[in-house]
Amino acid sequence: MIYSIFNTPIPKHPSTALLCKKPDALTSHQFQLFLLIMTAAKQTIAKAWKTKHISIEVTKGKIDWIMVQEKMSSILLDTHQKYLLVWSPWIEYRFGTNYPTAFLSI
């Protein structure tokens, strides 16, 4: 999923997954989104502890929820342009590129 979002191979390394060390291939805005995706993934794993199945759809739902919270914060803080820079890869991955990113982020 990470490769599909950023179109950049991210090396699998424990320090990246567990300690959220910034991969060299990501920009600072991509890294912010990467951290939020990792947060959602960790929450999903923790919730599904000792179960047989971990759902990627639950993780996507958590990422969408985080995106909504970030959008509300960007409205309150008047930082919508930064929000678009960070979240546009996820919006394009999740909803496609048929519509402008700014339209989908309203």
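Just so it is clear, none of the values below were taken in a lab; they were calculated from the coordinates. Owing to the predicted nature of the structure, the values given are computational and were not obtained by experimental measurement. Neighbour counts are summed over all protein chains in view; Cβ atoms, including those assigned to glycine, are modelled from backbone coordinates with ideal geometry.
A single entry from Ile54, Ile45, Ile37 fulfils the requirement of being touching a helix residue (DSSP H, G or I) at 6+ places or on another chain (Cβ under 8 Å) and surrounded by fewer than 16 Cβ atoms within 10 Å (Cβ to Cβ): Ile54.
Just to be sure I understand, how many residues within segment 65-79 are part of a helix (DSSP H, G or I), of a type outside the set (Phe, Trp, Tyr) and surrounded by fewer than 14 Cβ atoms within 10 Å (Cβ to Cβ)?
If we filter segment 65-79 for residues that are part of a helix (DSSP H, G or I), which is where we start, we get 65-77.
When the remaining residues are screened for being of a type outside the set (Phe, Trp, Tyr), the result is 66-77.
Restricting the remaining residues to those that are surrounded by fewer than 14 Cβ atoms within 10 Å (Cβ to Cβ) gives 68-69, 72-73, 75-77.
The total comes to 7.
Number of residues in segment 1-51 that are closer than 14 Å to Ile63 by Cα, among the hydrophobic types (A, V, I, L, M, F, W, C) and in contact (Cβ under 8 Å) with a residue 12 or more places away in the chain equals 11. Can you confirm whether Pro23 is in a helix (DSSP H, G or I) and either over 17 Å from the mean Cα position of the chain (by Cα) or surrounded by 13 or more Cβ atoms within 10 Å (Cβ to Cβ) (or both)? The answer is no for Pro23.
For every residue, the table says whether it meets (1) of a type in the set (A, V, I, L, M); (2) touching a Lys or Arg at 6+ places or on another chain (Cβ under 9 Å).
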position	(1), (2)
His29	no, yes
Leu33	yes, no
Leu36	yes, no
Gln43	no, yes
Ala46	yes, no
Trp49	no, no
Thr59	no, no
Ile63	yes, yes
Met72	yes, no
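Hey, could you check segment 51-93 for residues that are among the hydroxyl-bearing types (Ser, Thr, Tyr) and farther than 15 Å from Ile5 by Cα and say which is nearest to the chain's Cα centre (by Cα)? The qualifying residue nearest to the chain's Cα centre (by Cα) is Tyr83.
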